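Reading through the structure tokens given below for one structure.
The values are calculated or read from the model by the stated rules, or taken from the named source; none is laboratory data. Not measured: the values here are computed from a predicted model. Every residue, glycine among them, receives a Cβ derived from its backbone with ideal geometry; neighbour counts consider all protein chains shown. These accessible areas exclude ligands, DNA and RNA; they are computed on the full protein's heavy atoms, side chains included. Shrake-Rupley method; radii C 1.70, N 1.55, O 1.52, S 1.80 Å.
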Amino acid sequence: MSYYSRHVFFCCNQRDGSRVCCNDRGASALRDYAKQCVKALDLAGPSQVRINQAGCLDRCEEGPCLVVYPDAVWYTYVDQADVDEIIEEHLRHGRIVERLRI
């Protein structure tokens, strides 16, 4: 059994130059927001959910992205409402949010 039931990695890569990157679209702030929400919902901790920062996940062109393991589900998001939906549907209830899946 895994230490966490789900491990969420937010791409927070910051690229130099003109290449698109997740951090230019607010990824770090939304990762911090997700961490706070998961803690407030008492979903954080061993055998539950862990929210982490990742380096480049190499899908930045599709919008800011995150991946949920062990489910191997990739999402894009644009705002707190999208993150709330991922937390509520996927992390709390195990239902993939198809409209945000990449």
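The figures follow:
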item: Scope the range 57-102; condition closer than 13 Å to residue 6 by Cβ and touching a helix residue (DSSP H, G or I) at 6+ places or on another chain (Cβ under 8 Å); matching residues; result: 66, 68, 71, 73, 75, 86, 87, 91, 95, 96
item: Looking only at the range 40-54, and only at residues there that are among the polar types (S, T, N, Q) and in a loop (DSSP other than H, G, I, E, B), the one that is farthest from residue 27 (Cα to Cα); result: 47
item: Test result for residue 84, surrounded by fewer than 16 Cβ atoms within 10 Å (Cβ to Cβ), modelled with pLDDT under 95 and either among the β-branched types (Val, Ile, Thr) or not in a strand (DSSP E or B) (or both); result: no
item: Filter result (on the phi < 0 side of the Ramachandran plot and open to solvent by 50 Å² or more (accessible area, probe 1.4 Å)) within the range 46-59; result: 46, 48, 50, 53, 56, 59
item: Residue selected from the range 87-102 under the condition outside any loop (DSSP other than H, G, I, E, B) and of a type outside the set (D, E, K, R), by the criterion most open to solvent (accessible area, probe 1.4 Å); result: 93
item: Tally, over the range 45-59, of residues that are in contact with a strand residue (DSSP E or B) (Cβ under 7 Å, 6 or more places away or on another chain) and among the polar types (S, T, N, Q); result: 2
item: Among (1) open to solvent by 40 Å² or more (accessible area, probe 1.4 Å); (2) assigned to a strand (DSSP E or B) - the single one residue 8 does not satisfy; result: (1)
item: Where residue 31 falls short, out of the listed (1) among the charged types (D, E, K, R); (2) over 14 Å from residue 90 (Cα atoms); (3) buried (at least 18 other Cβ atoms within 10 Å of the Cβ); (4) in contact (Cβ under 8 Å) with a residue 40 or more places away in the chain; result: (4)
item: All positions within the range 60-78 that are surrounded by 17 or more Cβ atoms within 10 Å (Cβ to Cβ) and modelled with pLDDT under 90; result: 60, 63
